[in-house]
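Colleague: Mind looking over this structure? Questions follow.
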Amino acid sequence: EPVIRWHVDELLKDQEISSDSDGFSVRLSSSQRAFHSRELRSVWYRRPESIYIDEQEFSDVDRTFAAAENYEFLCGLYESIDALWVSLPSSIRKARYKINQLAVARHMGLQIPETLVSNKQEELVRFASNFELIVLKPIAASGLCFDSGEHSYYSKLRARDFEFVAGIQQRDIIS
């Protein structure tokens, strides 16, 4: 079966896409290749880039709107593909939700360390006081940003020092 490499980030530059009740068709102008979603047997979704939207051609508001519309359009296309997926985008997004992952792990019978998710500093300090060491993790992959300019995806702290941690800009944390 043929292999087609489809760079969705070039959606507005080099591609023609049509979608109807029978699926969708893609024509890649530069390679003169085309395919229909019915023909897809497997999809490997790997390291997609943001869709290129020409800064000279659109205002900030229009670029934001176009990016959101294209994102939703592609998500709909992806979900409509009836094929074997390696990393379906919606599954990747769902896997990033740490609170959900904790619930799934607990449901599957895995041992979960005592965990608190809160934006109340007093509650976090009270929770931390029950332990010798704690681990702070951001809910999002963006990490923790400290006043010193340092970034961290997690921090191991002595619990007694927890309330003295200054400059955490992201308040919604898992500890």
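The values are calculated or read from the model by the stated rules, or taken from the named source; none is laboratory data. Worth saying up front: this structure is predicted, and the values here are computed from it rather than measured. Virtual Cβ from ideal backbone geometry, glycine too; neighbours counted across all protein chains shown. Protein only, heavy atoms only, side chains kept; ligands, DNA and RNA dropped before computing areas. Shrake-Rupley method; radii C 1.70, N 1.55, O 1.52, S 1.80 Å.
Colleague: From (1) assigned to a helix (DSSP H, G or I); (2) open to solvent by 40 Å² or more (accessible area, probe 1.4 Å), pick out the condition that doesn't hold for S30.
Modeller: (1)
Colleague: Within the stretch 64-84, can one find any residue that is more than 17 Å from the chain's Cα centre (by Cα), assigned to a strand (DSSP E or B) and either more than 30 Å from P138 (Cβ to Cβ) or among the acidic types (D, E) (or both)?
Modeller: Checked against the condition, which is being more than 17 Å from the chain's Cα centre (by Cα), assigned to a strand (DSSP E or B) and either more than 30 Å from P138 (Cβ to Cβ) or among the acidic types (D, E) (or both), the stretch 64-84 yields at least one hit.
Colleague: Are there any pairs, at least 6 apart or on different chains, whose C-beta atoms fall under 6 Å, with the first in the stretch 124-137 and without any contact (Cβ under 8 Å) to a residue 60 or more places away in the chain and the second surrounded by fewer than 16 Cβ atoms within 10 Å (Cβ to Cβ) and assigned to a loop (DSSP other than H, G, I, E, B), and if so, which?
Modeller: Taking only residues 6 or more apart or on different chains, the pairs are F127/L116; V135/Y154; K137/Y154.
Colleague: From the list Q101, Q111, Q170, pick out the single residue that is within 23 Å of the chain's Cα centre (by Cα), open to solvent by 40 Å² or more (accessible area, probe 1.4 Å) and at pLDDT 85 or above.
Modeller: On inspection, the qualifying residue turns out to be Q101.
Colleague: Any residue at all in the stretch 2-11 that's assigned to a strand (DSSP E or B) and either surrounded by 11 or more Cβ atoms within 10 Å (Cβ to Cβ) or of a type in the set (S, T, Y) (or both)?
Modeller: no
Colleague: Can you run down the residue pairs with Cβ atoms below 8 Å, 6 or more apart or on separate chains, where the first is in the stretch 63-79 and farther than 29 Å from R41 by Cβ and open to solvent by less than 100 Å² (accessible area, probe 1.4 Å) and the partner is part of a helix (DSSP H, G or I) and among the hydrophobic types (A, V, I, L, M, F, W, C)?
Modeller: Close Cβ pairs satisfying both conditions: A66/L12.
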